[in-house]
1. Can you tell me how much longer the chain between residue 299 and residue 146 gets when fully stretched, taken as 0.36 nm per residue apart minus their C-alpha distance, in nm with one decimal?
2. Kindly provide the helix-only [θ] at 222 nm of the chain, computed as the sum of -39,500 (n - 2.57) over DSSP H runs of four or more divided by all residues, to the nearest 500 deg cm²/dmol?
3. Rounding to the nearest 10 and keeping the result within 0 to 90°, find how far the Cα-based axis of helix 13-27 lies from the longest principal axis of the chain.
4. Enter the angle in degrees (range 0 to 90, nearest 10) between the Cα long axis of helix 130-140 and the first principal axis of the Cα atoms of the chain, meaning the one along which they spread out most.
5. Please state the relative contact order of the chain as a whole percent: Cα pairs under 8 Å, 6+ residues apart?
6. Report the calculated FRET efficiency for residue 211 and residue 337 (r = Cβ-Cβ distance, R0 = 22 Å), to the nearest 0.05.
7. Which residues does the label zone of residue 116 cover in segment 75-89, counting backbone N under 20 Å from a point 7 Å along Cα→Cβ?
8. Would you look at the GNM of the chain, springs on alpha carbons closer than 10 Å, and say which of 93, 34, 327 moves the most?
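Bear in mind these aren't lab numbers, they're just calculated from the coordinates by the rules spelled out. Because the structure is a prediction, the values reported are computed rather than measured. Cβ: placed from backbone, ideal geometry, glycine included. Neighbour counts: every protein chain shown.
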């Protein structure tokens, strides 16, 4: 069986996280970790010391090395450009969230990948969480009845130093709390309930100083019916408080919490709370906010590769764009001070520029 040859682009903490998750599959012979790429030579030196995997500043070395899949973990503003550089070399791309900041650029990459029979996908690991899968099945089977309302609350803490690395919190390379932190929860909400139709938002900086926002409040209407709200902030002190999703239907209600929306807090069906055993069965323990979904995603990729000797990414680039469009619509609402129609697809005048 041919091993899946994997490389990394952007050798910071996220790449190290992936490396740690992938090590077990190197040991069982499923994959080979072949190279890392970064424009910063000091990052490469640190990477090589930790992983014993060669690093390069020249992305174009990928075509010489022979890489099946590259994992993009560079700053958000570089995601589409870096993805395209590897696609041009015939390398399949798995890009961390957000898959890009400018939607037209992502769509251009999608078309290129399609034309050249390449896989191009994104990462929203919380979709694979036990409580998310449990609630998704209940919604799709009609248990909730009509959706009345839903909400995302992300109340986290990021120190000022977090925004002083040259890219976090900037419009060109990152955006604020809804694009860097809450985009995972926005994706999970719309993954469960479908896309919004109309959206409005309000943003500002309460504690931190950054180009974008440290606090955002938004609301809207779901295309399939029901209202939703988003509350997100990195202004809390001294530590994170919660990240949660609540869904209120006419026949059932649910709350999902935990540091990585990994815990089924409650589930009520026709007025009856499910037992503690059920809550525990559909919850999972996590070490930190990264959660367990990356490992589940990797296993899906490797299972398909082992069975078919073919690469198939669980979340396509196109499917990754809904959350990006939602962020753009929220920002455009703030910029224009009006309700935005999600389906028209207006982009932010600031994000990515």
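1. Numbers: separation 153, 0.36 × 153 = 55.08 nm, distance 3.47 nm.
Full extension from residue 299 to residue 146 adds 51.6 nm.
2. Value at 222 nm, helices only: -10500 deg cm²/dmol.
3. 70 degrees
4. The angle comes out near 60 degrees.
5. Details: 771 pairs, mean separation 63.2, N = 353.
Averaging sequence separation for qualifying contacts and normalising by length gives 18 percent for the chain.
6. So, using R0 = 22 Å, E works out to roughly 0.70.
7. Answer for this model: 78-89.
8. In the Gaussian network model the winner is 34.
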